[in-house]
Structures are given as C-alpha cells and as structure tokens.
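J.: This is the structure I want to talk about, given as structure tokens.
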Amino acid sequence: VEHWSIPTDTAKRAVPTLLADLGQAGHDPAPFTPLPTFWSDQYDLRIQSFGAPGLGGDDIRVLEGDLGGEVAVGYHDGGRLVGVVVIGLPSVLARYRAELMRAPAAA
C-alpha cells in the first residue's frame, strides 16, 4: 500500500543509511520494513488501515467499538495481529500502529 507516509518512512531510513555509507555513522543491518498504511475520508468518517489486513484470513475480530459506529477491527494470522482497520476512534490509532510495528514480519 503506497500512501503519503511511505516517502516519510523512506526518508527516515535513507538518511542514516547514507551517513553510514559515508562512514559518518554505524549501519543498521535490519531490513527496511515500512508499515503499510492508508487513510480515506468518506463524508464524515475517516477510515484508516495499518499492516496487512488481507493476510488475516478468517480470524477477524472487533477490537474496540462496534460495527454500527466507530470501530477498530483486527485481522489476525495464527493468533498474531497483522492488520487493523479503524473507522473513527482517533484515540486508538497510535496504540495499534505501535503494536503492528513491534510485531515480527510475516514469514
């Protein structure tokens, strides 16, 4: 998923990599793995997604709220959270984004 956050995440990784190549800093050997993210405003609703909901298979759970209004839905693979779609609920975004960033990459 390409969105506005990808250029920012890429720049945050490119600068330290460039400095390491110039011998001015240590190199981070971890692969660059930006978190897929998108958002869309639909009338008065903001829909935001983090991670890879498509990898969730049939294990989809309401994490907060309810399907009739503002809601956070989690997509799981083998019990591991792999994606979140949030409609409204701006107060939960940072928490779920951080949880997905801590999760190990899918095999």
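The values are calculated or read from the model by the stated rules, or taken from the named source; none is laboratory data. The structure displayed is predicted, hence computed values, not measured ones. We place every Cβ from the backbone using ideal geometry, glycine too, and count neighbours over all the protein chains shown. The protein model used for the area step is the full one, side chains on, heavy atoms only, and it has no ligands, DNA or RNA in it. Shrake-Rupley method; radii C 1.70, N 1.55, O 1.52, S 1.80 Å.
J.: Restricted to segment 1-43, and to residues that are of a type in the set (G, A, S), within 27 Å of V82 (Cβ to Cβ) and modelled with pLDDT of 80 or more, which residue is nearest to the chain's Cα centre (by Cα)? Even if it seems obvious, please write down each step before you answer.
T.: If we filter segment 1-43 for residues that are of a type in the set (G, A, S), which is where we start, we get 5, 11, 14, 20, 23, 25-26, 30, 40.
Right, trim to within 27 Å of V82 (Cβ to Cβ) and you get 5, 11, 14, 30, 40.
Okay, now just the ones that are also modelled with pLDDT of 80 or more, so 11, 14, 40.
On the way: A11: 17, A14: 19, S40: 15 Å.
For segment 1-43, the residue satisfying everything is S40.
J.: Oh, and also: Of the conditions (1) open to solvent by 30 Å² or more (accessible area, probe 1.4 Å); (2) out of contact with any helix residue (DSSP H, G or I) (no Cβ under 9 Å at 6 or more places or on another chain); (3) of a type in the set (G, A, S); (4) farther than 30 Å from P31 by Cα, G88 satisfies every one except a single condition; which number is it?
T.: (1)
J.: Only one of these conditions is not met by T17: (1) β-branched (V, I, T); (2) open to solvent by less than 60 Å² (accessible area, probe 1.4 Å); (3) closer than 18 Å to R102 by Cβ. Which number is it?
T.: In the conditions (1) β-branched (V, I, T); (2) open to solvent by less than 60 Å² (accessible area, probe 1.4 Å); (3) closer than 18 Å to R102 by Cβ, T17 misses (3) alone.
J.: State all residues of segment 33-52 that are part of a strand (DSSP E or B) and buried (at least 18 other Cβ atoms within 10 Å of the Cβ); if no residue qualifies, say none. It would help to see each step written out before you state the result.
T.: Residues of segment 33-52 part of a strand (DSSP E or B): 37-42, 45-51.
If the condition is that a residue be part of a strand (DSSP E or B) and buried (at least 18 other Cβ atoms within 10 Å of the Cβ), then T37, Q48, S49, F50, G51 are the ones that fit.
J.: For L55, all conditions in the list (1) in contact with a helix residue (DSSP H, G or I) (Cβ under 8 Å, 6 or more places away or on another chain); (2) under 20 Å from R102 (Cα atoms); (3) surrounded by 13 or more Cβ atoms within 10 Å (Cβ to Cβ) hold save one; what is the number of the exception?
T.: (1)
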